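Here the structure comes first, spelled out in structure tokens, and everything after it is commentary.
The values are calculated or read from the model by the stated rules, or taken from the named source; none is laboratory data. None of these values were measured; they are calculated from a predicted model. Using ideal geometry, Cβ is built from the backbone for each residue, glycine included, and neighbour counts are taken over all protein chains shown.
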Amino acid sequence: MTQRIFKAEGLVLRTRVLGEADRLVTLLTPEEGKFEAVARGARKTKSRLAAGVDLFTYGRYTFHRGKTWPIITGQDPIERFSWFRDDPDLYPYGVYMAELTDRLISGEEPCAAIFRLLLEGWRLLGGNNDRFLLCRSFELKLAHLAGYSPHLHSCTNCNTDKAALFSPRQGGLLCSRCHGADAIKMGPGTAAIARRLIEAPLGRASQVHPTDCQKKELACVTAAFLTYHLDLGEIKSRRMLKE
Ligand SMILES: [Zn+2]
């Protein structure tokens, strides 16, 4: 980002109040990564900018480099993902994907694959897809793209394939001889499903059919992995998901 005026496609991950009438908008863009920009006057009802900088908007934006933050001088919304506002059950899922992405991406590095993943995730949430599996697939793929793929083929320590425990701290499977105090249960079937969710396209997440027990293990493992191994702390919006 060196020119005074630049353009980018972006996804609105978060917005917060800034001063009397402005908004500070967190955007995820393919080329410039994640950054904050000011939407001047966006809290005024007649603002031309307001509609284009709402959470869950996919748009084209023009920026002017300001002293502290870039200033949004133009916007052209492409998709608004209105289903997150129309369906209160769906809303937390959209927020969760946005929050997780926001927390995992540290700054202004190109992240085209993560941009596409979030855009696809928001689109798929609006369709008739299994939300639980979509979220687990999204989490695992996001971690993988950010360089934190869990080791799910064999024991992380001794490489035996008889590994049915998962260590959030070590970020992978462990066998009954190698595990430590933080190990949680992850049977071979659950590990196979998690591998499938990483490898298959996000749109095919609904095609795997875990048992209730495997779903429970998958939820525990991904939550523990994300909060502990990725050092994210608690992800607030995950508590709101109806799982
Ligand atoms: Zn082992």
Every residue from the stretch 17-32 that is modelled with pLDDT of 95 or more, over 15 Å from I71 (Cβ atoms) and not in a loop (DSSP other than H, G, I, E, B): L28, T29
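Is it true that Q214 is more than 22 Å from L90 (Cβ to Cβ), outside the structural domain of A8 (by TED's automatic domain parsing), over 20 Å from the mean Cα position of the chain (by Cα) and within 16 Å of the ligand (Cβ to nearest atom)? Reasoning before the result, please.
On the way: more than 22 Å from L90 (Cβ to Cβ): yes; outside the structural domain of A8 (by TED's automatic domain parsing): yes; over 20 Å from the mean Cα position of the chain (by Cα): yes; within 16 Å of the ligand (Cβ to nearest atom): no.
Answer is no for this residue.
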Going by the conditions given, is Y93 within 21 Å of G127 (Cβ to Cβ) and surrounded by 21 or more Cβ atoms within 10 Å (Cβ to Cβ)? yes
Only residues that are in contact (Cβ under 8 Å) with a residue 40 or more places away in the chain and hydrophobic (A, V, I, L, M, F, W, C): list them for the stretch 61-75, please. F63, W69, I72
Residue check: is V53 among the aliphatic types (A, V, I, L, M), assigned by TED's automatic domain parsing to the domain that holds A113, crowded, with 20+ Cβ neighbours inside 10 Å and over 21 Å from E109 (Cα atoms)? yes
Flagged in the stretch 169-182 as within 11 Å of the ligand (Cβ to nearest atom), assigned to a loop (DSSP other than H, G, I, E, B) and under 25 Å from the mean Cα position of the chain (by Cα), in numbering order, are Q170
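Among the residues in the stretch 194-203, are any assigned to a loop (DSSP other than H, G, I, E, B) and not hydroxyl-bearing (S, T, Y)? Can you show your working first?
In the first step, residues of the stretch 194-203 are kept if they are assigned to a loop (DSSP other than H, G, I, E, B); the result is 200-201.
Now narrow it down to the ones that are not hydroxyl-bearing (S, T, Y): 200-201.
Taking every residue of the stretch 194-203 in turn, at least one turns out to be assigned to a loop (DSSP other than H, G, I, E, B) and not hydroxyl-bearing (S, T, Y).
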(1) touching a residue at least 24 places away in the same chain (Cβ under 8 Å); (2) away from the ligand (no atom under 16 Å from the Cβ); (3) closer than 30 Å to E109 by Cα all hold for P150 apart from (2)
Considering every residue within the stretch 228-235, establish whether at least one is part of a helix (DSSP H, G or I) and either modelled with pLDDT of 95 or more or more than 15 Å from the ligand (Cβ to nearest atom) (or both). yes
Conditions (1) outside any loop (DSSP other than H, G, I, E, B); (2) modelled with pLDDT of 95 or more; number of the one not met by C158: (1)
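Among what's in the stretch 183-201 and is crowded, with 19+ Cβ neighbours inside 10 Å and aliphatic (A, V, I, L, M), pick the residue that is farthest from the ligand (Cβ to nearest atom).
Taking the stretch 183-201 as the starting set, the residues that turn out to be crowded, with 19+ Cβ neighbours inside 10 Å are 183, 186, 190-191, 193-194, 197.
When the remaining residues are screened for being aliphatic (A, V, I, L, M), the result is 183, 186, 191, 193-194, 197.
On the way: A183: 11, M186: 13, A191: 14, I193: 21, A194: 18, L197: 24 Å.
Looking at residues that are crowded, with 19+ Cβ neighbours inside 10 Å and aliphatic (A, V, I, L, M), I get L197.
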Residues located in the stretch 1-20, provided they are surrounded by fewer than 16 Cβ atoms within 10 Å (Cβ to Cβ), in contact (Cβ under 8 Å) with a residue 24 or more places away in the chain and not β-branched (V, I, T): M1, Q3, R4, K7
Hey, which of the helices (runs of 4 or more DSSP H) in the stretch 89-150, taking only ones fully inside, have at least 2 residues that are in the same structural domain as R169 (by TED's automatic domain parsing) and under 13 Å from the mean Cα position of the chain (by Cα)? 131-145
